[in-house]
1. Return yes when Asp317 is open to solvent by 60 Å² or more (accessible area, probe 1.4 Å) and not in a helix (DSSP H, G or I) and no when it is not.
2. What is the number of the single condition among (1) more than 16 Å from the ligand (Cβ to nearest atom); (2) touching a residue at least 60 places away in the same chain (Cβ under 8 Å) that Ala357 does not meet?
3. Give me a count of the residues in the stretch 123-146 that are more than 9 Å from the ligand (Cβ to nearest atom) and part of a loop (DSSP other than H, G, I, E, B).
4. Quick check on the stretch 427-465: of everything there that is of a type in the set (D, E, K, R) and not in a helix (DSSP H, G or I), which residue is most open to solvent (accessible area, probe 1.4 Å)?
5. Considering each of Lys15, Lys19 in turn, give the residue that is in the same structural domain as Gln53 (by TED's automatic domain parsing), out of contact with any strand residue (DSSP E or B) (no Cβ under 6 Å at 6 or more places or on another chain) and without any contact (Cβ under 8 Å) to a residue 12 or more places away in the chain.
6. I'd like the full set of residues that are closer than 21 Å to Gln253 by Cα and away from the ligand (no atom under 16 Å from the Cβ), limited to the stretch 164-184.
7. Going residue by residue through the stretch 333-347, is there one that turns out to be in contact (Cβ under 8 Å) with a residue 60 or more places away in the chain and within 24 Å of the chain's Cα centre (by Cα)?
8. Please specify each residue of the stretch 147-163 satisfying the condition of being crowded, with 20+ Cβ neighbours inside 10 Å, within 14 Å of the ligand (Cβ to nearest atom) and within 29 Å of Thr303 (Cβ to Cβ).
Amino acid sequence: MTEDTWGRVCDELQKSVGKNNFLTWIAPLKVIEVEDGIAAFEAPTKFMRDWVQRNFSEAIQNELRKFGIIVERIDLRVSTAPMIRPANSANPVAQATTVSNSPRIASIKPRLAQTQDDDLPGAPLDQRFTFDTFVVGKPNELAHAAARRVAEGGVVTFNPLFLYGGVGLGKTHLMHAIAHELQTKRPDLRVLYLSAEQFMYRFVQALRERQIMDFKEMFRSVDVLMVDDVQFIAGKDSTQEEFFHTFNALVDQGKQIVISADRAPGEIKELEERIKSRLQCGLVVDLHPTDYELRLGILQTKTENYRLQYPGLMIADGVLEFLAHRISTNVRVLEGALTRLFAFASLVGREITLDLAQECLTDILRTSDRKVTIEEIQRKVAEHYNVRLADMIGPKRVRTIARPRQVAMYLSKQLTTRSLPDIGRRFGGRDHTTIMHGIRKIEELKGDDRQLAEDIDLLRRLLEN
Ligand SMILES: Nc1ncnc2c1ncn2[C@@H]1O[C@H](COP(=O)(O)OP(=O)(O)OP(=O)(O)O)[C@@H](O)[C@H]1O
């Protein structure tokens, strides 16, 4: 395979795996040969070799196939000789990210800086992840407000800002938004954003290359340090140790730290106690699972962008509402569904209707179908409000029982695919209009009644886990 072909394969790979992944993992690979159905590449380290093998070999194989290069497998080897890509490499990205043979950590800085518009020595930022494109709703308003505060770059009031929440709820988006905003408002500040995995990777590399002092110096010289997905370092003792020292050094100097994780500090297993308690010292904010209104807001915002991209494409009433109802946990999946829907509709030249959505998104809708049953919902709600399970389906109309029952009806509609008559049958043979009334009542109350909204959030989480 020629350098030129690999350059073009790389362009495609960058699209399929994302710029971040591409720059970190694939750009540093060097093609050795394609022979006997095996494409052999050289990776700069064993860690990278294993990582790429596990996570990206299939993607590489797929992209090669598109260029007529059919291989049975990808073989990754660890480089023994200096890896220097020809200066006239056809792929500008690959060229910009060539791994220098000089392994000083400091060398990473110009390398990454060249790959992005800004001057960050960390991972590249996604240009789409700004405050402008972040849709704010009840589940994320606190996280958003805290992120905005940090992005002002003023006096550090809480340190660290710890953002946590489930997959695809906007943690990375908010962190990138902070970095973008700081670049504009406070270009004098040195802002470093990277994932905990990259932190570990650089640390291990620095150890191996005996450049640990450079590593320490680099991390201690930033004004704002942002580490994404910190749960990754749990159980990795020496990385945790180093992270702890970096953290303390920066806090002592009054520098801002922003951390994200998939759960609260106290819930990260195998994370040292002293780190947990350090992480809890600042402001710990939870990104709650999205609610219907937020999902609808996100879909509406994204649809406006798609309308510009696909002028003339019609979208029928009720489609966005349907998606917001049915795809309920992860914004990433929601976005993917919309992207696919628009692409599909424009290909077949049809209006986006409910039928088209069901036809084109069968797989996503199926996997989003929650497995939780109405019986489980009734049980959890009864426990939570301390009422008898039998009262959930019984006739009592006193408020202390009727309200939990309505909450259970509401959750049954939200978390299962059961129809209203079906739900009615499971609530002691009630009519579907009674169920509808119950659901509406909760929707209405939830807006003003903070306690009720929190109860529902909690119950939903308990049931979805
Ligand atoms: N409130 C929001 N408004 C607009 N887009 C959002 C919002 N929340 C999430 N997204 C989008 O959803 C996708 C996933 O978000 P992001 O990568 O920030 O999630 P995450 O919480 O970091 O997930 P992970 O735990 O998988 O790293 C991104 O494309 C992001 O732009």
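1. Yes, satisfied.
2. Tallying (1) more than 16 Å from the ligand (Cβ to nearest atom); (2) touching a residue at least 60 places away in the same chain (Cβ under 8 Å), Ala357 fails exactly one: (2).
3. Residues meeting the conditions: 7.
4. Across the stretch 427-465, the extreme among qualifying residues is Asp431.
5. Sole residue among the options that is in the same structural domain as Gln53 (by TED's automatic domain parsing), out of contact with any strand residue (DSSP E or B) (no Cβ under 6 Å at 6 or more places or on another chain) and without any contact (Cβ under 8 Å) to a residue 12 or more places away in the chain: Lys15.
6. Those that are closer than 21 Å to Gln253 by Cα and away from the ligand (no atom under 16 Å from the Cβ): Leu182, Gln183.
7. Yes.
8. Ala147, Leu163
The values are calculated or read from the model by the stated rules, or taken from the named source; none is laboratory data. All of these numbers come straight from a predicted model, not from anything done at the bench. Backbone-built Cβ (ideal geometry, glycine too); neighbour counts: all protein chains shown. The protein model used for the area step is the full one, side chains on, heavy atoms only, and it has no ligands, DNA or RNA in it. Shrake-Rupley method; radii C 1.70, N 1.55, O 1.52, S 1.80 Å.
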